[in-house]
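See below for the structure under consideration.
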Amino acid sequence: MSEAAIELARRSRRQAEADFAEELRIPSVGTQSRHREDCRRNAEWLLDRFRRMGMDASLYEYGQGHPTVQAEWLGAPGKPLLTIYGHYDVQPPDPLPEWVSGPFEPAIRDGSMFARGACDNKGQHLSALKAAEYALATGGPPLNLRFLVEGEEEGGGEVLPHLLETEADRLQSDYVFIHDGTLLQLLTGLRGNLYTEIQVTGAAIDLHSGSFGGIAPNPLNTLALILAGLKDRTGRILIPGFYDAVKDPSPEELASWATLPITEERLLEMTGAPALEGEPGYSLFERNFTRPTLDVHGVMGGFTDEGSKTVIPARAAAKVSLRLVPDQDPLLILEALRRHAESLATPGTRVAVKQVGEVAWPILLDSRHSGIGAASRAFEAAFGQTPQVVRAGYSIPVVSDFVANLPGSKVFVSGFSGEDDGAHSPNERMVLDNFHRGTEMVIHLFDELANA
């Protein structure tokens, strides 16, 4: 059965690319209210696709969030049930001038499809959708299928978590494939993410720096002191108690990572940076997989237009996120950050630390269940390579929701996005060979899980 589905997939590649481009044209930026209707349009586009394939599909809605598309086919009695997760929302496309072609005007160059969402996550969930389409068209997959494709991954949301919490009994699955990972990697751990805004206020209004300089508090100066006091030059975070719960990886993990084909030279090439940074005494993989981080993403306040304006701003703020590792509690870290930032305030300023969006909790997954082996064999069949079993430095917030609400499910995380595909960056892309091989990998996965 998989041979017929794969043959159909290979004959249908041109149409699959056309469908891929069609979805990419929908500017489904989930975090911007002006794209609210675009997000709904993308959800309805997927809904129509699933129904045309013969799956029972609907939109799940809750509160003011973007709908989650749910679709299922339960035509294989006695066989396992596989749930596949993806998301149709995308990051904002800024900065626009850096795009070679428009972010929502898909273009094929050098064997890749370029557009916002190409790898994160439309190319990924569409490759799985196509696998189901071809399997259904050639007699049906050898196991039962469910898709959950949400519209709030990039900014955090409540719709899919509410669905998983309130309908957990119905949604129990044998396997859950979180289809939002990196090519040829099976993830056993994910760092969490705590996103904050540090706000500093001073005088009631902006003030003339000649008349009030040396007298009035300057929130931007204070903010700079706070940011400098969060982290030292080596990358070690200075918040008291920050590392108390951090555990070292196992010797087995360290030995496995030592064989990974990732080098400092390759990372310098990928980033374009003249040098890498990080805590001394830890390998590249530890710094990326198992050490927590703190990064400043933006600073607001004062005068930033062309020319000069001698003003002491009344307020300033910075966006700061912390990538946390298993056993670190984001809520406790938030309180520790708040206390530390307040302790660094200068006279006349007030400091507030606000959580922005939902917390993504760090998580460790079982690396020995049957889904890991099945996925490895499916990758070998489609790509001719065995995937690496690693942790990831990034966050996928919904993983913890699946683990908490579907405790009997064997969860694995992977995908077909290359590390240099530019997710969240201008000129994001998906290598079309990975897109098509990814479809074949999912078809093989159906067979492997049905017989695991």
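Things worth noting here:
- Top-ranked residue of the stretch 396-422 - restricted to ones that are over 30 Å from Leu267 (Cα atoms) and of a type outside the set (A, V, I, L, M), ranked as surrounded by the fewest Cβ atoms within 10 Å (Cβ to Cβ): Gly408
- Hits in the stretch 276-290 - residues which are more than 20 Å from the chain's Cα centre (by Cα) and either among the charged types (D, E, K, R) or within 13 Å of Thr234 (Cβ to Cβ) (or both): Leu276, Glu277, Gly278, Glu279, Pro280, Gly281, Tyr282
- Of the residues contained in the stretch 337-348, none is found to be within 28 Å of Ile443 (Cβ to Cβ), among the hydroxyl-bearing types (Ser, Thr, Tyr) and touching a helix residue (DSSP H, G or I) at 6+ places or on another chain (Cβ under 7 Å).
- Of the residues screened, Arg266 is not one that is of a type in the set (Lys, Arg), open to solvent by 70 Å² or more (accessible area, probe 1.4 Å) and in contact with a Ser or Thr (Cβ under 8 Å, 6 or more places away or on another chain).
- Restricting attention to the stretch 18-60, the residues that are open to solvent by less than 10 Å² (accessible area, probe 1.4 Å), of a type in the set (Gly, Ala, Ser) and in a loop (DSSP other than H, G, I, E, B) total 1.
- Residues in the stretch 395-452 that are among the charged types (D, E, K, R) and part of a helix (DSSP H, G or I) were compared, and the one that is modelled with the lowest pLDDT is Asp401.
- For the stretch 61-82, the tally of residues that are open to solvent by less than 30 Å² (accessible area, probe 1.4 Å) and in contact with a strand residue (DSSP E or B) (Cβ under 8 Å, 6 or more places away or on another chain) stands at 10.
- Meets criteria (buried (at least 20 other Cβ atoms within 10 Å of the Cβ), in a loop (DSSP other than H, G, I, E, B) and of a type in the set (D, E, K, R)) for Glu253: no
- Count of residues meeting criterion [in contact with a Leu (Cβ under 7 Å, 6 or more places away or on another chain) and farther than 9 Å from Ser414 by Cβ] in the stretch 164-188: 9
- The stretch 267-370 holds strands (runs of 3 or more DSSP E) entirely within its bounds, and those carrying 3 or more residues that are within 29 Å of Asp420 (Cα to Cα) map to 293-301, 315-324.
- Selection from the stretch 188-231 of residues that are within 12 Å of Gly301 (Cβ to Cβ) and open to solvent by less than 20 Å² (accessible area, probe 1.4 Å): Ile198, Val200, Gly202, Pro219, Thr222, Leu223
- Residues satisfying the criterion are present in the stretch 376-387 (criterion: open to solvent by 50 Å² or more (accessible area, probe 1.4 Å) and in contact with a Leu (Cβ under 7 Å, 6 or more places away or on another chain)).
- Qualifying residue in the stretch 175-184 (condition: modelled with pLDDT of 95 or more, open to solvent by 70 Å² or more (accessible area, probe 1.4 Å) and part of a strand (DSSP E or B)): no
- Among the residues of the stretch 269-283, those that are out of contact with any Leu (no Cβ under 7 Å at 6 or more places or on another chain) and open to solvent by less than 60 Å² (accessible area, probe 1.4 Å) comprise Ala273, Gly278, Glu279, Ser283.
- Hits in the stretch 349-373 - residues which are out of contact with any Lys or Arg (no Cβ under 8 Å at 6 or more places or on another chain), open to solvent by 50 Å² or more (accessible area, probe 1.4 Å) and farther than 26 Å from Leu445 by Cβ: Arg350, Lys354, Gln355, Glu358, Trp361
- Remark: pairs (first residue in the stretch 294-321, farther than 30 Å from Glu335 by Cα; second residue of a type in the set (Ser, Thr, Tyr); Cβ separation under 7 Å; 6+ apart in sequence or on different chains) = Thr310/Ser209; Val311/Ser209.
- Output for the stretch 111-144, where each listed residue is in a loop (DSSP other than H, G, I, E, B) and closer than 24 Å to Arg11 by Cβ: Gly111, Thr138, Gly139, Gly140, Pro141, Pro142, Leu143
- Checking each residue of the stretch 423-431 against the condition of being under 21 Å from Pro80 (Cβ atoms) and open to solvent by 20 Å² or more (accessible area, probe 1.4 Å) gives no match.
- If you go through the stretch 232-250 and keep only what is surrounded by 14 or more Cβ atoms within 10 Å (Cβ to Cβ), among the hydrophobic types (A, V, I, L, M, F, W, C) and part of a loop (DSSP other than H, G, I, E, B), you end up with Ile239, Phe242, Ala245, Val246.
The values are calculated or read from the model by the stated rules, or taken from the named source; none is laboratory data. Keep in mind that this is a model prediction, so the values were computed, not measured. Because the Cβ atoms are built from the backbone with ideal geometry, glycine has one as well, and the counts that use them run over all protein chains shown. Side chains are part of the model used for accessible areas, which takes the heavy atoms of the whole protein and leaves out ligands, DNA and RNA. Shrake-Rupley method; radii C 1.70, N 1.55, O 1.52, S 1.80 Å.
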